[in-house]
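The values are calculated or read from the model by the stated rules, or taken from the named source; none is laboratory data. Note that the coordinates shown come from a computational prediction; the quantities given were computed from them, not determined experimentally. Glycine gets a Cβ as well: all are built from the backbone with ideal geometry, and neighbour counts include every protein chain shown.
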Amino acid sequence: MRIDDFLLKIARGTTEIISTETLRHKLEESLRTKRKLRVKAGFDPTAADLHLGHVVLLRKLRQFQDLGHQVFFLIGDFTAQIGDPSGRDQARPKMNASEIAQNAKTYQKQVFKILDPQKTKVVFNSAWLAKLKANDILELASYSTVAQMLARADFKERFHEKKEISLLEFIYPLLQGFDSVYLKADIELGGSDQKFNLLMGRQLQEAYRMPPQVVIMTPLLEGTDGVLKMSKSLGNYIGIHEPPQEIFGKLMSVNDDLMFRYYELLTDFDLNEIRSLHPKEAKLKLAQEIVVQFHSPDQALRARDEFEKVFREKKEPQDVPEYVFRPAEGKQITDIIVEMRLVASRNEVRRLIRQRAITHEGTPLTQEDWPIQEGIIRVGKRRFLRLIRS
């Protein structure tokens, strides 16, 4: 691929590149010397699952891999103990070591749905940060100032509002920057909210007499609500590990403006061609493409067929899970729905009942102690359960 073509491809959907000319120079130098560029992105394992918000960044990493370069998928198991202050109005609660380790395992399983395992090095920053001595930390601290730290928007706002800022939060950008020093990164990718931390990597590399890394920033992907950043805690996420039917259904629920943004950030389709399609057809095409990325073409076709069957023909899906109940057991519908993992908690079931979003054979349930009967339970738009009497 010509360098000009690659620069156009890598620039699609980015918010800022510092700088494009330096990136061009590094790519040209790589071609001349046959040295692979070292491309880094860090992920703090603060949640168990990756979602489409993470995929925006991972796709950019894959583009560098497809050009032959080396990607470092950095799991911030050490920095997760501090918590990234970016965009936060208060310090994040500390995570314990077992949570971090478990989340890191799931990251490693899921990331290769996107990245090429042959061109990926999974690294943990505890491997070098845990070995830093007191004088090493002091040296790092000497390369920044309190004024510089307070200039970043989130710290500045909290300072003026007299909200506490932990000294640990000042250290976080220095440690992330040192990751780039240690890995000798040529390029670092991160979300637009990470600008301060990414630039710290450049600053520290220069302090250590290294060429500063190119910084490539991607936008924060809005969740299915079209307003807030995609987040599992907000319930507006689409997880890459979710079943094909769930991914497909969630994507079909987004509005048209968000659909085109997903096309830009999550696919390689020509946007002019997509805009020439009818919005419904464009949305079906998007949902099918995203399912293909994380499952298979056959599963994507089945998910599309099932969506059309359920939502257009008003029929139940083919593979409805079954639950055999015994009236004598006295279980409530709340218990069964949570046990079958249709909803995460009993409180959520109660909320859905109040919203008349749980039905039995098409009739909304109105109470938690509804007498259980045989038939199809539907939770929301996409979750079904067949109740069978023992």
When residues of region 153-170 are filtered for being part of a helix (DSSP H, G or I) and either touching a residue at least 40 places away in the same chain (Cβ under 8 Å) or not assigned by TED's automatic domain parsing to the domain that holds Phe78 (or both), how many remain? 6
Taking the stated definitions as given, is Gln176 assigned to a helix (DSSP H, G or I), modelled with pLDDT under 90, assigned by TED's automatic domain parsing to the domain that holds Leu37 and within 26 Å of Pro219 (Cβ to Cβ)? no
If Ile377 passes every condition in (1) in a helix (DSSP H, G or I); (2) at pLDDT 85 or above but one, which one does it miss? (1)
Within region 68-91, tally of residues that are assigned to a loop (DSSP other than H, G, I, E, B) and either surrounded by fewer than 17 Cβ atoms within 10 Å (Cβ to Cβ) or at pLDDT 95 or above (or both): 7
Thr334 fails exactly one of the following numbered conditions: (1) crowded, with 16+ Cβ neighbours inside 10 Å; (2) among the hydroxyl-bearing types (Ser, Thr, Tyr); (3) in a loop (DSSP other than H, G, I, E, B). What is the number of that condition? (3)
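Condition check ((1) of a type in the set (Val, Ile, Thr); (2) over 12 Å from Ile216 (Cβ atoms); (3) not assigned by TED's automatic domain parsing to the domain that holds Lys119) across all residues:
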| site | (1), (2), (3) |
| --- | --- |
| Ile18 | yes, no, no |
| Glu21 | no, yes, no |
| Lys36 | no, yes, no |
| Gly42 | no, yes, no |
| Ala47 | no, yes, no |
| Leu52 | no, yes, no |
| Phe64 | no, no, no |
| Phe72 | no, yes, no |
Kindly indicate the residue of region 11-28 that is closer than 15 Å to Leu198 by Cβ and in a loop (DSSP other than H, G, I, E, B) and also farthest from the chain's Cα centre (by Cα) among those meeting that condition. Ser19
Tell me, please, whether a residue that is in a helix (DSSP H, G or I), charged (D, E, K, R) and surrounded by 15 or more Cβ atoms within 10 Å (Cβ to Cβ) can be found in region 29-48. no
Please verify whether Phe170 is over 19 Å from the mean Cα position of the chain (by Cα) and either at pLDDT below 80 or hydrophobic (A, V, I, L, M, F, W, C) (or both), treating the condition exactly as stated. yes
Filter result for Glu361 (at pLDDT below 85, among the acidic types (Asp, Glu) and within 35 Å of the chain's Cα centre (by Cα)): no
With the requirement that a residue be within 19 Å of Ala328 (Cβ to Cβ) and under 36 Å from the mean Cα position of the chain (by Cα), what does region 369-390 give you? Leu387
Selection count where residues are of a type in the set (A, V, I, L, M, F, W, C) and surrounded by 14 or more Cβ atoms within 10 Å (Cβ to Cβ), scope region 145-168: 5
Tell me yes or no: at least one residue of region 155-166 is aliphatic (A, V, I, L, M) and modelled with pLDDT under 85. yes
Tell me yes or no: at least one residue of region 267-280 is within 13 Å of the chain's Cα centre (by Cα) and of a type in the set (A, V, I, L, M). no
